[in-house]
1. Output wanted: per-residue J couplings in Hz (rounded whole) for the stretch A:626-631, from phi through Karplus 6.51 cos²θ - 1.76 cosθ + 1.60, θ = phi - 60°, x for Gly and Pro.
2. Based on the mean of other Cβ atoms within 10 Å per residue, sort peptides A:220-227, A:585-592, A:496-503, A:138-145 so the most packed one is first.
3. To the nearest 20 debye, what charge dipole does chain A have about its Cα centre, counting +1 at the Cβ of each Lys and Arg and -1 at the Cβ of each Asp and Glu?
4. Against the longest principal axis of chain A, how steep is helix A:552-564, in degrees 0 to 90 to the nearest 10, with axes from Cα atoms?
5. Between the stretch A:314-345 and the stretch A:525-599, what's the alpha-carbon centroid distance in Å?
6. Please state the shape class of the stretch A:487-645: rounded when a/c is under 1.5, otherwise prolate if a/b exceeds b/c and oblate if not, all from the C-alpha gyration tensor.
7. What full-extension length gain, to one decimal in nm, is calculated for A:Thr109 and A:Leu236 as 0.36 nm per residue of separation minus the Cα-Cα distance?
8. Can you report the principal axis dimensions of chain A using only the alpha carbons, biggest first, rounded to whole angstrom?
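Any read-out appearing in this document is the output of simple, stated calculations on the displayed coordinates, not a laboratory observation. Quick caveat: nothing in here was measured; it's all calculated off a predicted structure. Neighbour counts are summed over all protein chains in view; Cβ atoms, including those assigned to glycine, are modelled from backbone coordinates with ideal geometry.
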Amino acid sequence: MPVITLPDGSRKPFDHAVTVADIAASIGTGLARAALAGKVNDKLVDLSFTVEHDAAIAIITDKDAAGLEVIRHSTAHLLAHAVKSLFPTAQVTIGPVIEDGFYYDFAFTRPFTPDDLTHIEAKMAELAKQDIPVSRSTLSRDEAIRYFRDIGETYKAEIIEAIPAGETLSLYTQADFTDLCRGPHVPTTGKLAKAFKLTRLAGAYWRGDSRNEMLQRIYGTAWADKKSLDAYLTRLEEAEKRDHRKIGKALDLFHFQEEAPGMVFWHADGWAIYQTIKKYISQRVSADGYEEIVTPQLVDLSLWKKSGHWDMFSNEMFTVEADDRQFALKPMNCPCHVQVFKDTLHSYRDLPVRYAEFGCVHRNEMSGAMHGLMRVRQLTQDDGHIFCMENQIQAEAGRFIRTLSDVYRDFGFNDLVVRLATRPEKRLGSDAIWDNAEKALADALTGEGVPFELLPGEGAFYGPKIEFHLRDSIGRQWQCGTLQIDYSQPDRLGAYYIAEDSSKQVPVMLHRAITGSLERFIGILLEHYAGKLPLWLAPTQLVIMNITDRASSFTSEIASLCKKNGIRVKSDLRNEKIGYKIRQHTLQCVPLMAVVGDREVETRSVSLRTRDGEDKGSLTLDQLLALINTAIAQKGRVAETSVSA
RNA sequence: GCCGACGUAGCUCAGCCGGUAGAGCAACUGAUUCGUAAUCAGUAGGUCGGGUGUUCGAUUCACCCCGUCGGCACCA
């Protein structure tokens with residue numbers, strides 16, 4: 001005689017065992033219709049689940065996040081069902097829910113084509129319309145293996161073989177299609193008829209291992225209703241519009257070409273952004289007690305062998321032969337920084353020694369890994385290495401974290417996700433050293449009031465690290481900053497300092513970067529701002545345009561005044577209508593536009609507007625300069641609608 | 001690197017079944033001097049990513065290479 005407690009606290013006694021569907025029906029026909037699954041004592045179950053004892057029950061509909069997951073998961077099954085009915089020899093593998101949708105991996109003799117995708121989607125719609133009941137059954141592990149082997153689903157059988165013997169597995173069947181699945185699923189395929197779409201085809205390795213054969217993955221998306229689907233598709237389009245590769249082309253910032261894959265050709269405007277960032281970081285780092293240095297691009301292979309890079313990463317290093325010697329383009333700056341450290345004898349009193357370098361590094365990334373500015377073969381890191389004693393780690397970490405958060409705010413990133421990656425299984429150094437290092441980083445974070453999550457086992461083999469991920473304006477996370485503790489490299493490369501007792505001691509080295517790669521960081525900025533960089537970063541900060549030739553000499557006068565004041569200004573004296581000029585510069589994302597006509601010449605003023613169409617009114621030249629300088633000084637710490645946005 | 005798609009004028013793209021190419025924007029020239037997101041007219045612009053092959057003939061078909069895109073794997 002179960003007594004059911006509903007989420008609102010009300011209790012419903014039943015005089016017999018009931019299914020979740022029955023309970024939904026007892027509450028209301030509307031709810032019964034909307035019900036997709038249930039939650040019994042916080043465990044997700046099918047509507048057909050029978051409740052025999054007292055329990056807390058919630059009915060899951062498409063209004064719940066869990067309901068949406070059920071829809072997506074069931075839509076993945078619907079996809080597999082459709083594929084099997086169109087291509088009976090295709091084998092099913094796995095089909096999980098992912099962010100905003102789902103995918104399903106198939107093994108099939110020929111590649112699926114975009115045309116197939118259309119047919120599959122149509123078949124899915126047809127199967128959904130048929131409102132086929134989805135039923136759950138169970139088999140023992142061994143029976144399940146036999147079952148899937150018998151129907152020729154060898155991948156499924158292999159999956160089940162990995163499950164411990166003696167477990168009972170659930171199967172879901174809709175018409176002639178049966179799949180292994182934990183569930184829960186929608187009660188009938190009709191619940192899926194509202195809003196799904198297959199989005200793309202891709203290859204994916206079986207079990208995610210590149211040594212295995214490649215399967216064919218079909219991605220799809222599914223939503224509670226058509227409106228949400230459309231909203232999602234619009235969101236994708238919007239994201240595409242802010243693609244830094246498109247913006248880079250449209251704003252003439254940089255380009256790539258075949259002869260130099262993965263290497264950037266910076267155009268004048270892109271380089272203006274780059275230099276602004278570089279100057280800014282340089283100044284920040286110097287204020288923080290770093291010495292800025294530059295080390296060679298080409299270094300004899302012997303150094304990379306000594307540092308260990310050759311063993312680990314030789315396949316990603318470019319090599320050059322000259323004078324019968326083998327050189328490698330540096331893939332990292334750290335071994336060179338150790339050389340600079342070693343070139344002077346250091347006392348413990350000198351520590352910490354901090355070196356910074358805008359280190360241009362080359363990495364022969366695999367061809368398929370390249371992606372605009374985000375993943376290139378030649379990049380510049382805002383790299384830095386701190387040589388210190390163990391008891392200085394925490395203070396140095398704290399100092400770095402403070403600077404990093406502040407720098408991110410200047411760039412307009414206020415949402416930081418911090419992760420601490422701790423000791424991996426394969427590692428160098430004693431547990432005591434790891435204990436100390438991990439604690440130093442954790443304490444530094446806590447000391448700075450920075451919340452963080454742990455990534456157990458994700459640290460580098462030579463030490464733990466902090467990853468700083470920033471979240472952009474459309475919610476995506478990017479790892480940029482990093483702080484790593486390295487006990488091994490200074491030792492390998494023979495770095496030491498003289499300790500208080502005159503003994504030689506190996507310093508600890510901290511690797512750290514704020515933007516990570518300048519190229520990538522600019523890509524992130526472009527997408528974050530959709531090209532509308534804040535005033536301090538904009539390649540052209542102000543365009544001054546005349547209305548008629550009568551105003552052209554005053555326009556030029558203002559332009560040179562601005563230039564003298566360090567403002568990146570352009571004048572547009574073309575014989576075009578003012579509306580046309582404004583449109584063009586707006587599309588070029590120029591933050592500020594000053595219009596000069598007869599009225600302005602008369603009063604020696606400008607009429608100022610922003611690229612967002614905000615009218616700043618009439619300003620004297622002094623007011624104009626003051627407004628611009630104030631906005632530049634604010635950097636990225638302003639709302640999008642204000643002047644510098 | 002792997003799977004798939006794509007590569008046509010500066011940009012965005014069209015070009016069915018093989019007969020050496022088109023549009024819009026940009027550019028250039030001329031007219032227009034016009035007050036806050038597109039003035040009008042004209043002109044010019046392409047060994048159709050590279051190579052090989054099939055063919056009387058290839059942007060179109062086949063194969064190879066390069067690059068890009070979407071994923072996978074990788075990301076010191």
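1. Those phi angles translate into 5, 4, 5, 5, 5, 5 Hz.
2. Working: A:220-227: 18.4, A:585-592: 20.1, A:496-503: 12.6, A:138-145: 15.9.
Put in order of decreasing packing, that is A:585-592, A:220-227, A:138-145, A:496-503.
3. Numbers: 77 positive and 87 negative charges, 305 e Å.
Computed about the Cα centre, the dipole is about 1460 debye.
4. That helix lies at roughly 90 degrees to the long axis.
5. Taking the Cα centre of the stretch A:525-599 as reference, the centre of the stretch A:314-345 is 46 Å away.
6. On the way: a/c = 3.70, a/b = 2.89, b/c = 1.28.
Note, shape of the stretch A:487-645 comes out prolate.
7. Numbers: separation 127, 0.36 × 127 = 45.72 nm, distance 3.17 nm.
Full-extension gain reported as 42.5 nm.
8. Per principal axis, max minus min of the Cα coordinates gives 86, 78, 55 Å.
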